[in-house]
Amino acid sequence: MTEPAADPLHDELSAAGFFVLGRFRPQPADQLPDLADGRPVKSVLMVANAGPDLWDRFSRSPEFADGLADPLDRYTKRCLLGIASNADLEPLFPFEGPPYHPFQKWARRAADLSQSPLGVLVSPIFGPWLGLRAALLSPQDLSDPIHLPGEGPCPTCDEKPCIAACPVGAIDAKRGYDATLCSAHLAQIGSSPCWSGCLSRSKCPHGQSFAPPPDQARFHMKAFLALMPSTAVKP
Ligand code: B12
């Protein structure tokens with residue numbers, strides 16, 4: 001695998017807490033819109049984050065402190081719109097919707113990732129701790145992929161410790177992830193250890209050093225509950 005430093009956007013993205021996960025040449029099945037000026041998209045760069053870097057930058061940003069809604073989305077948009085416009089790239093964001101852009105599908109076209117029983121994609125490097133932050137659309141054919149796509153680690157993980165670790169049985173090998181069960185537990189039990197980080201994700205043997213600290217995990221859990229129509233955020 002080539003190091004992320006090989007990417008020309010590396011320094012600017014890294015200063016804001018992001019990196020290029022990988023890139024791909026779109027095909028019709030990828031459902032990419034044309035660029036705003038009508039040119040076709042020839043390459044897509046998937047921008048992600050993992051580990052403490054994004055939180056470190058974001059928690060010192062004006063968006064973090066202004067008390068308005070969706071601070072992380074607004075921070076992401078401000079930083080990535082600036083970086084993209086300097087590089088003739090057009091960003092799409094995962095939080096734009098509904099309907100939402102198929103970010104997980106695109107990420108799997110760009111990098112070595114599995115669809116886990118938890119719903120999140122799992123990487124052999126970052127485990128289940130990867131956040132997808134933007135797709136940067138280019139009119140140029142950026143021919144060499146940075147990372148090669150693959151099947152990710154889940155298909156060869158026989159034990160699947162993620163499934164047994166959920167205290168309310170919200171993850172099932174066949175049915176997948178029950179978001180209603182999970183969010184009801186979080187909303188009802190403010191002292192649940194799940195608030196400090198999903199116990200199932202924590203049991204994944206991959207990428208454990210990228211797990212977020214408790215304050216960051218709580219921020220993401222609150223954002224998750226806000227997306228669930230039937231749960232009020234308690235803590
Ligand atoms: C709506 C949504 C949800 C909904 C429903 C998910 C669903 N059934 O699709 C709810 C509110 C349940 C949800 C929950 C979470 N989500 Co969510 N979610 C989204 C969002 C905004 C849209 C999904 C969508 O409809 N896509 C459109 C379809 C057409 O795209 P697709 O790629 O083909 O669809 C795939 C997903 O829907 C996926 N899928 C199906 N069921 C589930 C369930 C879960 C929990 C997830 C994560 C995915 C998933 O399978 C599809 C086929 O590959 C995406 C961002 C995005 N634009 O993709 C984030 C996204 C999928 N979520 C994400 C995450 C991390 C979570 C949480 C873990 C949040 C957290 N706390 O950190 C939680 C899980 C709860 C927990 N306690 O940990 C990440 C996943 C990153 C990764 N490594 O894969 C995304 C990509 C956001 C991001 N910026 O990174 N989410």
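The values are calculated or read from the model by the stated rules, or taken from the named source; none is laboratory data. In this text, all values refer to a predicted model and were calculated from it rather than measured experimentally. Using ideal geometry, Cβ is built from the backbone for each residue, glycine included, and neighbour counts are taken over all protein chains shown. For the accessible areas, the whole protein counts, side chains as well, though only heavy atoms, and no ligand, DNA or RNA atoms are used. Shrake-Rupley method; radii C 1.70, N 1.55, O 1.52, S 1.80 Å.
Quick grid of which residues meet (1) within 10 Å of the ligand (Cβ to nearest atom); (2) buried (at least 23 other Cβ atoms within 10 Å of the Cβ); (3) basic (K, R):
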residue: D73; (1), (2), (3): yes, no, no
residue: P91; (1), (2), (3): no, no, no
residue: P94; (1), (2), (3): yes, no, no
residue: Y100; (1), (2), (3): yes, no, no
residue: G119; (1), (2), (3): yes, no, no
residue: L137; (1), (2), (3): no, yes, no
residue: D141; (1), (2), (3): no, no, no
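For S196, the stated conditions do not hold, so it cannot be described as open to solvent by less than 80 Å² (accessible area, probe 1.4 Å), within 11 Å of the ligand (Cβ to nearest atom) and touching a helix residue (DSSP H, G or I) at 6+ places or on another chain (Cβ under 8 Å). The sole residue among R109, R23, R39 that is under 27 Å from T156 (Cα atoms), outside the structural domain of A173 (by TED's automatic domain parsing), touching a residue at least 12 places away in the same chain (Cβ under 8 Å) and more than 14 Å from the ligand (Cβ to nearest atom) is R23. Within segment 148-193, if we keep just the residues that are closer than 20 Å to R108 by Cβ and assigned to a helix (DSSP H, G or I), the residue that is most open to solvent (accessible area, probe 1.4 Å) turns out to be T156. Between S61, S85, the distinction of being modelled with pLDDT of 95 or more and among the hydroxyl-bearing types (S, T, Y) belongs to S61 only.
Within segment 88-104, residues that are closer than 18 Å to K42 by Cα and part of a loop (DSSP other than H, G, I, E, B) have Cβ atoms under 6 Å from residues that are polar (S, T, N, Q) and more than 6 Å from the ligand (Cβ to nearest atom) in these pairs: L89/S138, counting only partners at least 6 apart in sequence or on another chain.
Pick from L35, L68, L81: which is out of contact with any Leu (no Cβ under 9 Å at 6 or more places or on another chain), among the hydrophobic types (A, V, I, L, M, F, W, C) and part of a loop (DSSP other than H, G, I, E, B)? Give the steps one after another, and end with the answer.
On the way: L35 fails: out of contact with any Leu (no Cβ under 9 Å at 6 or more places or on another chain); L81 fails: part of a loop (DSSP other than H, G, I, E, B).
None of the others qualify; the one that does is L68.
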